[in-house]
Amino acid sequence: MDIKRVKDYLYWLYYQYQLITCSYVLEPWEQSMFHTVTVTVLAMVLYTAYVFIPIHIRLAFEFFSQIFGGQPESTVSIV
């Protein structure tokens, strides 16, 4: 892909974002506030997913391994 096509595609994505959120009807200072809040919320969601999803996956794996016949860690004998 050449640079012009990438640039046009990014402009198209930004235009779609503005259409979906209806932010094209806002004044410039309102747009900047809206984009700031949107980026902040998205960053918090991504951070929360990064921190807590691995913990929940590990706990779910331990739960289901105990249900389906895995031995609890306290009964595993050390050889």
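The values are calculated or read from the model by the stated rules, or taken from the named source; none is laboratory data. This structure is a prediction, so every number in the text was calculated from the model and none was measured. Don't worry about glycine lacking a Cβ; one is built from the backbone with ideal geometry, like all the others, and counts go over all protein chains shown. Side chains are part of the model used for accessible areas, which takes the heavy atoms of the whole protein and leaves out ligands, DNA and RNA. Shrake-Rupley method; radii C 1.70, N 1.55, O 1.52, S 1.80 Å.
Under unit Cβ charges (Lys, Arg +1; Asp, Glu -1), what dipole magnitude, rounded to 20 debye, does the chain have relative to its Cα centre?
Using Cβ point charges on Lys, Arg, Asp and Glu, the chain gives about 200 debye.
The fraction of accessible area contributed by carbon and sulfur in the stretch 3-65 is 77 percent, rounded to a whole number (1.4 Å probe; ligands and nucleic acids excluded). Comparing Tyr50, Tyr14, Tyr24 in a Gaussian network model of the chain (Cα springs below 10 Å), the most mobile by mean-square fluctuation is Tyr14. I'd like the orientation of helix 3-21 relative to the chain: the angle between its Cα long axis and the longest Cα principal axis, in ° from 0 to 90, rounded to 10. Long axis of 3-21 versus the principal axis of the chain: about 80 degrees. Taking Cα atoms only, the orientation of helix 28-67 departs from the longest principal axis of the chain by about 20 degrees. Projected label points at Val25 and Phe68, each 7 Å from Cα along the beta carbon direction, are separated by 5.1 nanometres.
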